[in-house]
């Protein structure tokens with residue numbers, strides 16, 4: 001039977017099976033029919049497969065787009081309605097429609113193998129478009145991205161909390177809000193930089209601290225500016241409320257040692273025990289009104305604390321930095337500190353950044369404060385997650401807090417949490433925000449306090465309102481009782497690791513000499529390299545010359561004396577950290593503390609191999625920054641009173657890039673916050689015709705900062721003086737920042753050398769005099785630093801035995817008694833002159849003039865350059881002419 005209209009379906013199906021088994025088993029007309037049918041069927045199937053593949057691809061793109069851009073549709077701003085649907089997330093953008101919603105697809109990394117498009121959209125929108133917006137697809141590491149996807153999408157960015165946990169969050173919100181309201185009523189008009197509008201930061205910080213305790217972390221170091229600081233001190237750190245209220249009444253008995261500071265700049269520390277049974281040490285660093293200046297200080301403190309825990313220390317110490325939105329976007333310290341985060345010498349295992357986005361900076365709106373969509377966009381330079389959280393949703397904040405901390409612990413990287421909130425009061429409590437933001441503040445005026453918003457939500461979920469009222473009543477009662485309570489005595493500074501350090505400065509006549517045999521033994525070790533190490537030929541010669549300097553006592557140069565000072569301290573158990581731009585080699589090619597193998601690039605640090613019992617040494621080339629790096633080293637020194645911490649500027653002139661750190665922390669923290677430091681600053685200084693940016697460390701500026709023995713300013717003129725100075729810094733019973741105006745041309749000056757006896761028998765001398773016949777001296781030239789050698793050369797060339805040279809090595813604190821003894825050596829002197837290479841409005845002249853006048857009974861003659869707008873001329877030829885002229889003038893008196 002052939003194909004005809006009367007053929008039954010059963011017969012055709014049977015014939016089709018036969019054809020599939022053997023095409024020759026059916027007639028020709030059926031064979032032709034079945035071939036055409038199969039071709040048509042396969043074509044239709046391929047078309048259907050292609051259509052399904054296109055749909056699957058569209059769904060994959062939709063998923064990616066939600067992960068990447070879902071934050072643009074997130075509802076995170078309490079002052080404005082939720083954003084409308086974003087066109088980039090519309091189904092039409094992917095050639096998908098309503099008819100596809102019930103179609104199953106294969107989404108990657110979802111909990112189910114298959115899901116309908118409707119289910120996929122629900123998951124994506126709930127994860128990325130509710131009260132948490134997340135930016136993480138810019139992260140290049142696939143493991144980090146997958147970790148974040150799984151953690152967020154598996155629970156849809158929604159914490160699973162029971163009623164008790166929700167009440168606990170509410171309690172922290174109530175503590176924050178009621179504390180601010182109490183201060184507002186009791187201390188009307190006083191500045192406190194209220195947290196009102198951003199109170200959700202308190203439960204967020206509490207969740208971080210509790211979770212850190214669960215993870216067995218031991219230290220949390222917090223840095224923040226003034227807004228909300230009092231609230232954090234009261235409700236996270238547990239600072240006694242009675243003490244805080246006494247500060248509002250300006251109780252003088254609570255002032256710090258020295259001048260003290262306003263209450264919202266002060267630091268604090270405590271030990272808190274958490275429900276898991278672990279105790280965590282919390283500290284908040286003192287910070288001035290320079291907002292982000294504290295960032296690198298906190299990082300430096302954390303880096304130093306790691307060493308107390310040994311291997312794994314980074315996982316036990318957590319830095320937290322709290323920023324304002326305008327400051328995070330606008331302050332250069334922020335990207336500088338972010339850039340430190342993964343550098344070998346500066347990383348601290350990851351920092352949690354909390355940006356309290358008040359949507360205003362003082363009176364400036366975001367449109368005038370930044371050029372980016374988010375205040376946090378600068379953090380994308382690190383490729384770390386950025387969480388944007390609704391400022392009235394403490395549950396979302398709590399969830400993100402734990403997620404961010406887990407990410408930090410897992411990957412050792414920073415994480416950023418931005419709380420989108422508002423500022424209920426003005427910039428301070430005496431400010432009127434309606435002047436400049438009337439529309440915004442009309443919205444704020446109509447909003448209830450944050451704790452009431454969340455309380456209403458809990459009541460709607462079935463929580464007993466009486467429990468909520470009882471919590472609030474207990475908090476208010478505690479505040480009222482504290483107002484009437486007694487002030488609690490608290491331990492002053494200089495506790496713990498600082499307990500053996502003396503607070504007060506005393507003149508330092510400390511023996512710092514080291515036996516010659518010890519120096520020679522150490523010299524052999526620091527100039528001996530492993531057999532397999534291949535140094536550059538010039539480095540090999542430098543090490544050999546350094547060895548001969550010591551073993552042959554042929555005169556030690558600056559690099560040799562510094563290396564021996566380091567070696568002796570390390571051998572005595574003093575850890576050393578040196579950082580700065582190019583400090584491993586030394587800007588002027590004199591140090592070579594870290595050597596590089598010429599064949600394989602491996603590093604070798606001779607000072608790290610003195611003995612098995614020596615202290616550790618760290619030498620790091622820093623990033624090209626002064627501000628953040630100096631702040632980091634200052635913070636490090638606060639946690640290492642037993643160690644020598646040195647920051648070296650590439651040129652002393654460049655230190656002005658860190659002026660805020662110098663002014664607000666290094667020079668004044670002891671007076672304001674009772675926190676001093678033994679930090680050493682190397683500032684290369686000297687006029688050699690290199691122009692206005694490579695000559696002056698601005699000695700005059702540092703002298704202006706000096707008072708009450710707060711700093712040490714030293715201009716050492718010999719290698720031995722440097723040797724004793726560094727050792728003295730660790731031998732004195734107190735700690736003060738030491739600023740060394742270090743040399744450039746003197747590093748290799750043939751006359752600027754020291755003998756071994758100078759290192760073994762002497763100590764640092766604050767004033768040096770000539771060893772000449774005093775009876776012949778008619779003129780005394782007083783100077784400091786490099787110019788001494790130019791005066792000495794002229795004196796020897798002209799055989800001027802009637803001229804004595806007096807060097808002031810330590811400019812501050814100035815030992816006037818030592819100067820008087822120096823002048824008494826020359827009873828027949830009739831002329832006295834101060835000689836400096838700096839212009840008259842620079843250098844030490846303005847500072848030293850009244851001191852010399854008091855000692856001499858008359859003003860000394862000034863010999864130096866005239867006052868100049870720039871620190872030095874740009875012409876080497878002109879410089880030489882000026883230098884020759886002032887040296888001649890000094891000897892013409």
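If you take the alpha carbon atoms of segment 163-486 and fit the smallest convex hull around them, that volume is 143 Å³ per residue.
Taking the number of Cβ atoms within 10 Å of each Cβ as an exposure proxy, the fewest-first ranking of 764, 248 is 248, 764. Mean sequence separation of contacting Cα pairs (under 8 Å, at least six apart), scaled by the length of segment 386-441, corresponds to a relative contact order of 35 percent. Spacing of the modelled spin labels on residue 877 and residue 158, each 7 Å from Cα toward Cβ, amounts to 8.1 nm. Put the Cα centre of segment 865-882 next to the Cα centre of segment 770-789 and the gap is 25 Å. When the Cα gyration tensor is reduced to axis lengths a ≥ b ≥ c, the ratio a/c is 1.5 or higher for segment 129-283, and with a/b above b/c it is classed as prolate. Structural size metrics of the chain, computed from C-alpha coordinates, are Rg and Dmax of 36.0, 145 Å.
By DSSP, what percent of the beta bridges with both residues in segment 560-670 are antiparallel, rounded to the nearest 5? Of those bridges, close to 15 percent are antiparallel. Judged by the gyration tensor of its Cα atoms, with axes a ≥ b ≥ c, segment 767-890 is oblate; a/c meets the 1.5 cut and b/c is at least as large as a/b.
Of all DSSP beta bridges confined to segment 767-890, the antiparallel ones make up roughly 20%. Rounded to the nearest 10 degrees, the angle from helix 627-638 to the longest Cα principal axis of the chain is 80 degrees.
Mark the label point 7 Å from the Cα of residue 774 along Cα→Cβ and return the residues of segment 801-817 whose backbone N is within less than 20 Å of it. What the label zone holds, given the 20 Å backbone N cut-off, is 801-809, 815-817. Put simply, the convex hull of the Cα atoms in segment 516-750 casts, on average, a shadow of 13.1 nm². Calculated FRET efficiency, residue 868 to residue 831, Cβ-Cβ distance, R0 = 22 Å: about 0.30 to the nearest 0.05. Computed from label points 7 Å out along Cα-Cβ, the spacing between residue 642 and residue 853 is 4.9 nm.
As a proxy for reagent exposure, 714, 660 were ordered by neighbouring Cβ count within 10 angstrom, fewest first; the result is 660, 714.
Which residues does a label at residue 761 reach in segment 719-743, if reach means a backbone N under 17 Å from a point 7 Å past the Cα toward the Cβ? Zone members listed by number: 720-721, 724. Let a ≥ b ≥ c be the square roots of the eigenvalues of the Cα gyration tensor of segment 110-180; is it rounded (a/c under 1.5), or, if not, prolate (a/b larger than b/c) or oblate? Since a/c reaches 1.5 and a/b is larger than b/c, the shape of segment 110-180 is classed as prolate.
The angle between the Cα long axis of helix 142-153 and the main principal axis of the chain comes to about 60°, on a 0 to 90 degree scale.
Sorting 196, 278 from the fewest to the most surrounding beta carbons within 10 angstrom yields 278, 196.
Cα centroids of segment 204-238 and segment 72-87: 30 Å apart.
Computed over the chain, relative contact order equals 10 percent, with contacts defined as Cα pairs under 8 Å that lie 6+ residues apart. Between helix 516-526 and the chain there is an angle of about 30 degrees, using the helix long axis and the longest principal axis of the Cα atoms.
Each value in this text was obtained by applying a stated rule to the coordinates, not by laboratory testing. Please read these numbers as outputs of a predicted model, since none were measured by experiment. Note: ideal-geometry Cβ built from the backbone for every residue, glycine included; neighbour counts use all protein chains shown.
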